[in-house]
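Encoded as structure tokens, the structure appears first; notes follow it.
The values are calculated or read from the model by the stated rules, or taken from the named source; none is laboratory data. Note that the structure is predicted; figures quoted are calculated from it, not measured. We place every Cβ from the backbone using ideal geometry, glycine too, and count neighbours over all the protein chains shown. With ligands, DNA and RNA removed, areas are computed over all heavy atoms of the protein, side chains included. Shrake-Rupley method; radii C 1.70, N 1.55, O 1.52, S 1.80 Å.
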Amino acid sequence: MANVKVKFRKSTVDGRPGTIYYQICHKNSHVNINTSIHPYPEEWIEKMANGETPTTSYSYNQNIQHDIAMLRDIIDEFEEEMEPYEASDVAHRYSMAFSNVKVIDYMRKQISILEDMRKYGTAENYRCTLKSFDMFLGHHDISFSIITGVLLKKYSAWLESRNVKRNSISFYMRVLRAVYNRAVKEKIIKQTNPFRDVYTGVEHTAKRAVTEEKIIKLFKLNLDSSPALQLSRDMFLFSYCTRGMSFVDIAFLKKYNIRNMVLTYKRRKTGQEISVYIEPCIESIINKYKYKTIDSDYIFPIITENDEQKALHQYRTALNYHNRKLKRLAAMSGINTSLSSYTSRHSWATTARNHNIPLSVISAGMGHTSEKTTEIYLASLQSSVIDEANKNVLKELNMYTSC
């Protein structure tokens, strides 16, 4: 195990203060770390016996004790990781603790970059994680070197104490890992693999999908007296009818996305282009809101601002409002499953599977580009095959639309 010694180096100029430095010794090697502590020789009293911490003036001594405690914590972390390390590794992690790049500030900048790239869903994921991690840190920013396996385990335990579910903990850890890896790529921090012992998997949970019958029940609900509820219901159904289009893509859909009865858009999450044939139930919902968006480029009355940042704020506000309205709609429809903006996507996939539509077609229809098998099918699968699959899913709903 490494140990730390406090040393004093006299100035080469008589009468000038010297420099305190820390010597890290491990495996017959040592590394020196200079400090900004510069006492005069007469202030320095070296205690050689029993490795006691040398003392200077009170203020100097406080700084030294703080630094030694930090170095010993770093050594403890290396020991707990049970991987070979050198004295230079301890020195590097210590020096990075005083890096100008801080985690919370860096995450905020990454969120801004994601929003500039119009990856609003990912930006929102980062924002949720930032809020949680910042609260755990007591709103005190830290450098990337402080992100260790020990700290992450403490964060995980803190989340558990707040009754955060295991999948949600994994979600926060995956986002933090993505931020950390980005910092490694930018050479802000050296890779130490602090996430290797924390859970970043996904446990199977209860299905969030609702049945075809409940979709029909929601469709039949008379909401003429509540335009706000009607809009949320219609956007939920629109998402279902368009093979699980995400709320952010719905909110930013523009009229030019429709050509010759085909709705074409790019997923903001992946940048992948998706084309959906406009079935009667989709056309019915679009036509319902034409009069509300006569002077707008957008299909739905959600975004009214031209400024990108203001439009983004409108989207986030609308998403929260939408999810609250969906909970009310679930209660009104007698749906036991809690509805959210994601439920429509799960519901379409489940219904498609129940109609014996091949998994490859379902994945392609939903734009799952992250799956290897899906990428193979996307390269050769005709849009007509996916459109025909969607027609089968929407067959009963289309019957009600045409009535």
* May I have the extent of the alpha carbons of the chain along their three principal axes, as whole Å values ordered from largest to smallest? => 97, 42, 39
* **All Cα pairs of the range 274-367, percent lying beyond 19 Å** => 61 percent
* Estimated dipole of the range 3-46 in Debye, rounded to 20 [Cβ of Lys and Arg +1, of Asp and Glu -1, Cα centre] -> 260 debye
* May I ask for the equivalent-ellipsoid semi-axes of the range 221-324, computed as the square root of five times each C-alpha gyration tensor eigenvalue and listed largest first in whole Å? => 19, 18, 14
* Between VAL13 and ARG196, take the C-beta separation as r, use R0 = 45 Å, and let me know the FRET efficiency to the nearest 0.05. => 0.35
* Structure fact -> Cross-link reach from LYS217 to aspartates and glutamates, straight Cα distance under 17 Å and at least 8 residues apart if same chain, gives ASP234, GLU396
* To do: Mind giving me the nanometre distance, one decimal, between the label points for GLN65 and LEU137, set 7 Å out from Cα along Cα→Cβ?
  => 2.6 nm
* To do: Leaving ligands, DNA and RNA out of it, work out the accessible area of GLU43 with a 1.4 Å probe and give it in Å² to the nearest 10.
  => 60 Å²
* Asked: Debye sum, Cα scatterers, the range 102-167, no solvent: what log₁₀ I/I(0) at q = 0.15, 0.19 1/Å?
  -> -0.53, -0.80
* Accessible area (Å², per residue) of the range 133-174, counting only protein heavy atoms and a probe of 1.4 Å -> 51 Å²
* Take the solvent-accessible surface of the protein heavy atoms, probe 1.4 Å, and return the percent of it on the chain that carbon and sulfur atoms account for. => 50 percent
* Asked: Expressed as a whole number of Å, what is the distance separating the alpha-carbon centroids of the range 1-41 and the range 258-274?
  -> 63 Å
* **Straight-distance crosslink candidates among lysines, where the alpha carbon sits under 21 Å from LYS165 and sequence neighbours closer than 8 are dropped** => LYS131, LYS153, LYS154, LYS207, LYS327
* Residue among MET135, MET82, MET261 with the largest mean-square fluctuation in a Gaussian network model of the chain, springs linking Cα atoms under 10 Å -> MET82
* Structure fact -> Per the C-alpha gyration tensor (a ≥ b ≥ c, the square roots of its eigenvalues), the range 83-198 is rounded if a/c is under 1.5, else prolate if a/b beats b/c, else oblate; here it's oblate
* Asked: What are the chymotrypsin sites (Phe, Trp or Tyr not before Pro) within the range 73-138 that DSSP puts in a loop, where the Cβ has at most 13 other Cβ atoms within 10 Å?
  -> PHE98
* To do: Please list the radius of gyration and Dmax for the range 174-275, considering alpha-carbon atoms only, with Å as the unit.
  => 20.3, 59
